[in-house]
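A.B. asks: My structure is below; once you've seen it, I'll send some questions.
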């Protein structure tokens, strides 16, 4: 699979908060900018729906806590799902996050065709591969897969969280591709 070429440099829609909810959206976007340093256009797209924006930010906050699954593992899940789904925005964004975490870019890119090469801890690799399998061939996930992940010390909740991260990222990829948000700066 090759990195998808950006199809169009113009988004199909420009996100505008609903009348009367501009301050609500501005508050959420301001908090994102304070935390991340900028507002990713993928999140800005959610300005159309303040409840979905808030829900999505809450979801990101949960996974960003690092409480259960490492930031590197979760970012690799998003990166590889985005690579397989050819979502330029998410590929670039997650690659940047990984580099900022100090992960070697060549190792990140090597994982595109070989998840076993992913720059994550050895105990995280079965969980990463299960998350990828779940979004690609969910009907093939079986007890053997779960046992391999459990053998590395992961709980059912950890497995659930990794699969949800992968599935939600696939959905996010689809939303971005649908509205042609192919790169950061589309709404500048």
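The values are calculated or read from the model by the stated rules, or taken from the named source; none is laboratory data. Worth saying up front: this structure is predicted, and the values here are computed from it rather than measured. When we count neighbours, we look across all protein chains shown, and the Cβ atoms used for this are built from the backbone with ideal geometry, even at glycine.
A.B. asks: Hey, residue 35 hits all of (1) out of contact with any helix residue (DSSP H, G or I) (no Cβ under 6 Å at 6 or more places or on another chain); (2) assigned by TED's automatic domain parsing to the domain that holds residue 150; (3) at pLDDT below 95 but one; which does it fall short on?
C.D. replies: (2)
A.B. asks: Got a sec? Which of 167, 171 is exposed (fewer than 14 other Cβ atoms within 10 Å of the Cβ), in the same structural domain as residue 85 (by TED's automatic domain parsing) and either under 14 Å from the mean Cα position of the chain (by Cα) or over 30 Å from residue 47 (Cα atoms) (or both)?
C.D. replies: Only one candidate qualifies: 171.
A.B. asks: So which residues in segment 30-53 are in a helix (DSSP H, G or I) and closer than 11 Å to residue 184 by Cβ, if there are any at all?
C.D. replies: Scanning segment 30-53 gives 41, 42, 43, 44.
A.B. asks: Still on this structure, please answer the following. Looking at segment 69-115, which of its residues are in contact (Cβ under 8 Å) with a residue 60 or more places away in the chain and under 21 Å from residue 154 (Cβ atoms)?
C.D. replies: Listed by number, the residues that qualify are 69, 73, 74, 77, 78, 81.
A.B. asks: Can you say whether residue 12 is surrounded by fewer than 13 Cβ atoms within 10 Å (Cβ to Cβ) and either in contact with a strand residue (DSSP E or B) (Cβ under 6 Å, 6 or more places away or on another chain) or under 16 Å from residue 173 (Cβ atoms) (or both), as far as the supplied structure shows?
C.D. replies: For residue 12, the condition - surrounded by fewer than 13 Cβ atoms within 10 Å (Cβ to Cβ) and either in contact with a strand residue (DSSP E or B) (Cβ under 6 Å, 6 or more places away or on another chain) or under 16 Å from residue 173 (Cβ atoms) (or both) - is met.
A.B. asks: Can you name the helices (runs of 4 or more DSSP H) wholly within segment 82-188 that have at least 3 residues being more than 21 Å from residue 56 (Cα to Cα) and at pLDDT 95 or above?
C.D. replies: Numbers: elements: 88-100, 105-110, 125-136, 143-150, 156-178.
Answer list for segment 82-188: 105-110, 125-136, 143-150.
A.B. asks: For segment 133-140, check the following and say yes or no: at least one residue is over 30 Å from residue 13 (Cα atoms) and surrounded by 15 or more Cβ atoms within 10 Å (Cβ to Cβ). Before you say what the answer is, go through the steps one by one.
C.D. replies: Of segment 133-140, the ones over 30 Å from residue 13 (Cα atoms) are 133-134, 137-140.
Add one more test, that the residue is surrounded by 15 or more Cβ atoms within 10 Å (Cβ to Cβ), and what stays is 133-134.
Yes, segment 133-140 contains a residue that is over 30 Å from residue 13 (Cα atoms) and surrounded by 15 or more Cβ atoms within 10 Å (Cβ to Cβ).
A.B. asks: Taking residue 110 as the residue in question, decide whether it is surrounded by fewer than 20 Cβ atoms within 10 Å (Cβ to Cβ) and over 17 Å from the mean Cα position of the chain (by Cα).
C.D. replies: Criteria met by residue 110.
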